[in-house]
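The values are calculated or read from the model by the stated rules, or taken from the named source; none is laboratory data. None of these values were measured; they are calculated from a predicted model. Don't worry about glycine lacking a Cβ; one is built from the backbone with ideal geometry, like all the others, and counts go over all protein chains shown.
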Amino acid sequence: MPTPFHLAINVTDLDAARRFYGDLLGCKEGRSTDSWVDFNFFGHQLSLHLGTPFTTENTGKVGTHMVAMPHFGVVLEYEDWRALAGRLEANGTEWVIPPTVRFENEPGEQWTMFFRDPSGNPIEVKGFRDMELVFDA
C-alpha cells in the first residue's frame, strides 16, 4: 500500500461520528480527546475534530450528477466496496449517488457511491475489480 495520508476535518458530534465511521463504515478508532477522535480510515489516518464542517458546492460533475466539492473518500477492491455498499444500503443511507458502475467495459472501469457523514461531510467510495487500473485513462 502507498504511504497513508492524514486528513483532519470538522464534525459537529463526536458520538454520531463514532457510530458512523466506527460502527457503520467499520473503521477502527484510535486516539481521542473530548474534542477529537482518530480513525483508521481504510489504512489512512482520519482525524475528526469538533467544529464547523468545511463548506461545499455541487460543482463537480460525475457522469450526469453534480457532486460536492471538495469531497474525500477511498478506493477499495470491488468485493470490499460491495460489502460496504451493502452495509450502507441496509442502514438506509441517503445517497448523493447510489452504488453504480462508471466507464463499464472501458479502461478505468469503476464502481462508485457518494454519501455524506452525519455532519454533512461528502464522501466518495470507489471500487475497482483490478487495482492496477486505478490510474488508467
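Among the residues of the stretch 50-78, those that are within 17 Å of residue 119 (Cα to Cα), in a loop (DSSP other than H, G, I, E, B) and of a type in the set (S, T, N, Q) comprise 52, 55, 56. Could we say that residue 68 is in contact with a Leu (Cβ under 6 Å, 6 or more places away or on another chain), touching a residue at least 24 places away in the same chain (Cβ under 8 Å) and either of a type in the set (S, T, N, Q) or surrounded by 12 or more Cβ atoms within 10 Å (Cβ to Cβ) (or both) here? No, not satisfied. Please work out which one of (1) surrounded by fewer than 16 Cβ atoms within 10 Å (Cβ to Cβ); (2) over 22 Å from residue 44 (Cβ atoms) is the condition residue 134 fails and give its number. Going through the list (1) surrounded by fewer than 16 Cβ atoms within 10 Å (Cβ to Cβ); (2) over 22 Å from residue 44 (Cβ atoms), residue 134 breaks only (2).
Filtered by the rule that a residue be among the small types (Gly, Ala, Ser) and either outside the structural domain of residue 120 (by TED's automatic domain parsing) or part of a helix (DSSP H, G or I) (or both), the stretch 86-110 gives 86, 90.
Restricting to the stretch 17-49, name every residue that is surrounded by fewer than 16 Cβ atoms within 10 Å (Cβ to Cβ) and part of a loop (DSSP other than H, G, I, E, B). Residues satisfying the conditions are 26, 33, 34, 35, 43.
Among residues of the stretch 1-20 that are aromatic (Phe, Trp, Tyr), those with a beta-carbon under 8 Å from a residue that is part of a loop (DSSP other than H, G, I, E, B) and surrounded by 13 or more Cβ atoms within 10 Å (Cβ to Cβ) at least six positions away or on a different chain give the pairs 20/117; 20/118.
Tallying residues that are free of Cβ contacts under 8 Å to residues at least 24 places away in the same chain and closer than 13 Å to residue 20 by Cα within the stretch 79-93 yields 2.
Candidates 59, 52, 33: the one that is under 17 Å from residue 124 (Cα atoms) and polar (S, T, N, Q) is 59.
For the stretch 70-81, the criterion of being of a type outside the set (Phe, Trp, Tyr), closer than 23 Å to residue 110 by Cα, in contact with an Asp or Glu (Cβ under 7 Å, 6 or more places away or on another chain) and at pLDDT 95 or above is met by at least one residue. Note on the stretch 75-129: residues that are under 29 Å from residue 49 (Cβ atoms), surrounded by fewer than 15 Cβ atoms within 10 Å (Cβ to Cβ) and among the β-branched types (Val, Ile, Thr) amount to 0.
For the stretch 14-22, the criterion of a residue being in contact with a Cys (Cβ under 8 Å, 6 or more places away or on another chain), aromatic (Phe, Trp, Tyr), under 22 Å from residue 91 (Cβ atoms) and outside the structural domain of residue 115 (by TED's automatic domain parsing) is satisfied by at least one position.
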